[in-house]
Amino acid sequence: MIDNAANRPAVAAALLIAAVGAATILGAYFFQYVIGLAPCPLCLEQRIPYYIGIPLALVIAAVAARNAPRGLIVAGLVLLALTLLVGAGLGVYHAGIEWKWWPGPTECSGEFSAPKSAGDLLRQMQTTSVVRCDQAAWRLLGLSLAGYNVLISLALTAVAIGAALGARHRPERPENRH
């Protein structure tokens, strides 16, 4: 039960972010384990902000529901927004590599160079990913999964920022009266 009605928008925003984040990760697992699209190293890195953001959003929802100080709620929402913004940045970086706008990591993108010796071949086999970061395995309406991650991350960032701004302008919680 939420003690302070003024915190309801922050709780709702945090729960929305947690739910959409969880659905996004479940979608990634669906593509990986059901459809069979193996993730590249950059795909796996794009999951990290969700692994941090989902539990953070749940903690924010819990502390806001328990009438935590406004400053703590705002700080949590700002931290959540920054986490999600990092996710959007990783998605932009990966999508740009897929569109060949900039080079990607050598271990999963770019041209393969012919090894000059058996030692070079062994080194290349140890450091090269079979799943390419510079080739989109799936697209819908021209966007790859990295592109959709950008859109989802930016939308969730906007929700977190909106909730932080709203919480910042709400009055501090009233003292408990018995």
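None of the figures in this text is laboratory data; all of them are computed from the coordinates on show. None of these values were measured; they are calculated from a predicted model. Cβ placement follows ideal geometry from the backbone for every residue including glycine, while neighbour counts extend to all protein chains displayed.
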Just to be sure I follow: if Rg is taken over the C-alpha atoms of segment 1-49 and Rh is the Kirkwood radius over the same atoms, what is Rg/Rh? 1.22
For segment 15-103, I need the span (max minus min coordinate) of the C-alpha atoms along each principal axis, in Å, sorted largest to smallest. 47, 31, 15
Computed FRET efficiency, Cβ-Cβ of Trp102 and His169, R0 41 Å: what is it to the nearest 0.05? 0.55
How many angstrom lie between the C-alpha centres of segment 1-53 and segment 149-171? 15 Å
Extension gain Leu143-Ala5, at 0.36 nm per residue separation less the Cα-Cα distance, in nm? 45.7 nm
Cys108: net charge of surrounding residues, Cβ under 10 Å, Lys/Arg +1, Asp/Glu -1, itself excluded? -1
Each label sits 7 Å from Cα toward the beta-carbon; between Arg66 and Leu16 the label points are separated, in nm, by 2.5 nm
